[in-house]
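Encoded as structure tokens, the structure appears first; notes follow it.
Read the figures in this text as sums done on the coordinates, not as results from a lab. All of these numbers come straight from a predicted model, not from anything done at the bench. Cβ placement follows ideal geometry from the backbone for every residue including glycine, while neighbour counts extend to all protein chains displayed.
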Amino acid sequence: MEFNPRKLPTVLYADELIDKAFRRASKVSGRNQKEKAINKLSTISNVLSNYFQRIISSHPSYDNLPDFYREMVDVVVGIRRLKKSLAALKWADEMTQKLISRYMRKLKGTRNPDQVLKEAYGRIASVIEQIDDELRFLNKAKQKMREIPTLRDMPTVVVAGYPNVGKSSFVATVSSVKPEVASYPFTTKAIYVGYAEMGGRKVQFIDTPGLLDRPLSKRNAIERRAILCLRYAANCILFIADPTETCGYPFKKQKRLLGEIKRTFDIPVIVAYSKADLHNLRDNPAFSAVTGEGIDEVLSLIEKVLEDVLDKEAQEVANDSTAVQEG
Ligand SMILES: Nc1nc2c(ncn2[C@@H]2O[C@H](COP(=O)(O)OP(=O)(O)OP(=O)(O)O)[C@@H](O)[C@H]2O)c(=O)[nH]1
Ligand SMILES: [Mg+2]
């Protein structure tokens, strides 16, 4: 299932929504005062119900999203909070329609339609004002959810490592995306996705925020985004370590993180050293995003590992279908 949070509509604040509905009603006419009032109320009813329905139905069923998106939404905005806001909109929808039906009946029997209409306006506005916080939250959630990447279904390399080791520099060198590179840790906070051609195949590269060596329960929301990419999106992991420690973190701690990642995720992990222009350690492939040295070697290695992974997956699919046929 595709999930594109960028397609969520902008949400009006309470006063904007009230304005919109009442302004539309102000343009409505009728043969007499009573008919005019009834037409106005029915316009308000349509504007509000269309609006609430459009917002509510623009959101997917969050519990049924693929794991990656569901957990991403939860880390970025919180699914419980989102559901609470959407429930509030549903409540406001029902409340306003109920009020409108009641005032429609009143209008039909009154001699003073203007007075009844005025009362209706007041009650409707007050219901909408009650959900102002929720409308504001939904708008903020929409903004925040822009940070959730839309992933494509293709071989995927997730680049991980300590902060400031050169992950973004690598991804910028080899793929179509140009994440910000800076000389301080936690430069990358969102997930960046770039694409590259490798051996006639398109490969997805995901640049992630830096990870520290600490238990999952202690990880902040930014680090958790990286973990979700490793868990759900990766066919293989490129772990970048910086032996020069110019990133500001001890090599030893980076190696501990590597051990942790290898233990946690059951997929191939390629280890490469960054900043090869600054050191001579070569017990793992080393590359420099500055001079270009070693980049092709790392790419060939990735290509080979991905090929193995995909062969293995194809084999498993074949085995499964044989098993189904035999069973
Ligand atoms: N000398 C040298 N410096 C590099 C190399 N690659 C990256 N750097 C520098 O290292 C710093 C961090 O680079 P980034 O690519 O932003 O590192 P990152 O791992 O994405 O950092 P976070 O997003 O903060 O986790 C920057 O100042 C880069 O210019 C390299 O190959 N050689
Ligand atoms: Mg970065």
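Taking the alpha-carbon distance from Lys304 and a cut-off under 16 Å, which lysines remain once sequence neighbours fewer than 8 residues away in the same chain are dropped?
Lys202, Lys312
First obtain the Kirkwood hydrodynamic radius of the stretch 5-145 from its Cα pairs, then insert it into the Stokes-Einstein equation at 25 °C and 0.890 mPa s, and state the resulting D in µm² per second as a whole number.
Working: Rh = 16.2 Å.
The calculation lands on 151 µm²/s.
Of the residues Gln254, Gln204, Gln53, which exhibits the maximal mean-square fluctuation in a Gaussian network model of the chain defined by a 10 Å Cα contact cut-off?
Fluctuation is largest for Gln53.
So what's the back-of-envelope 222 nm ellipticity for the chain, counting only DSSP H runs of four-plus at -39500 (n - 2.57) apiece and dividing by all residues, rounded to 500? Let's see the in-between values first.
Details: 10 runs with 174 residues, N = 327.
Helix-only estimate at 222 nm: -18000 deg cm²/dmol.
To the nearest 20 debye, what charge dipole does the stretch 214-295 have about its Cα centre, counting +1 at the Cβ of each Lys and Arg and -1 at the Cβ of each Asp and Glu?
The calculation lands at about 540 debye.
Taking the Cα centre of the chain as the origin and placing charges on Cβ (Lys, Arg +1; Asp, Glu -1), which of Tyr103, Ala92, Val75 is farthest toward the positive end of the dipole?
The residue sitting farthest along the positive end of the dipole is Tyr103.
Give, in nm to one decimal, the length gained when the segment between Arg152 and Lys108 is fully stretched (0.36 nm per residue of separation minus the Cα-Cα distance).
Numbers: separation 44, 0.36 × 44 = 15.84 nm, distance 5.67 nm.
That pair, Arg152 and Lys108, stretches by 10.2 nm at full extension.
What is the count of Lys pairs in the stretch 3-54 whose alpha carbons sit under 25 Å apart, if the two are 8 or more places apart or on different chains? Kindly include the intermediate steps, with their values, before the conclusion.
Numbers: Lys7/Lys20; Lys20/Lys34; Lys20/Lys36; Lys20/Lys40; Lys27/Lys36; Lys27/Lys40.
Qualifying lysine pairs in the stretch 3-54: 6.
With θ set to phi - 60° and the Karplus curve 6.51 cos²θ - 1.76 cosθ + 1.60, what are the ³J(HN,Hα) couplings of the stretch 3-17 in order, to the nearest whole Hz, using x for Gly and Pro?
These are the phi-based 3J(HN,Hα) values: 9, 10, x, 5, 8, 5, x, 6, 9, 6, 6, 3, 5, 5, 5 Hz.
How high is the relative contact order of the chain, in percent, with contacts defined as C-alpha pairs under 8 Å that are six or more residues apart? Show your work: numbers first, answer last.
Values: 482 pairs, mean separation 47.7, N = 327.
Computed over the chain, the figure is 15 percent.
Roughly what % of DSSP beta bridges within the stretch 191-327 run antiparallel, to the nearest 5?
Numbers: 7 of 13 bridges.
If I count the DSSP bridges inside the stretch 191-327, around 55 percent turn out antiparallel.
No solvent, one uniform scatterer per C-alpha: report log10 I(q)/I(0) for the chain via the Debye equation at q = 0.07, 0.10, 0.12 1/Å, two decimals.
Treating every Cα as an identical point scatterer, log10 I(q)/I(0) equals -0.45, -0.70, -0.85.
Could you size up the charge dipole of the stretch 156-325 around its Cα centre, putting +1 on the beta carbon of Lys and Arg and -1 on that of Asp and Glu, and report it in debye to the nearest 20?
Details: 21 positive and 21 negative charges, 179 e Å.
Roughly 860 debye for the stretch 156-325.
Test of understanding: in a Gaussian network model of the chain with alpha carbons linked when under 10 Å, which of Pro149, Pro285, Pro215 would top the mean-square fluctuation ranking?
For the chain, modelled as a Gaussian network with Cα springs under 10 Å, the answer is Pro215.
If you average over every viewing direction, what projected area does the convex hull of the Cα atoms of the stretch 158-285 give, in nm²? Numbers along the way, then the final one.
Numbers: hull surface 30.4 nm².
Its average projected convex-hull area is 7.6 nm².
Which order do the peptides 224-235, 305-316 come out in when sorted by mean C-beta neighbours inside 10 angstrom, highest first? List each step's numbers first, then the result.
Values: 224-235: 20.6, 305-316: 13.3.
Highest-to-lowest ranking by the protection proxy: 224-235, 305-316.
Charges only on Cβ, +1 for Lys and Arg, -1 for Asp and Glu: so what's the dipole of the chain about the Cα centre, in debye to the nearest 20? Mind showing how you got there, number by number?
Working: 52 positive and 41 negative charges, 559 e Å.
With Lys and Arg at +1 and Asp and Glu at -1, about 2680 debye.
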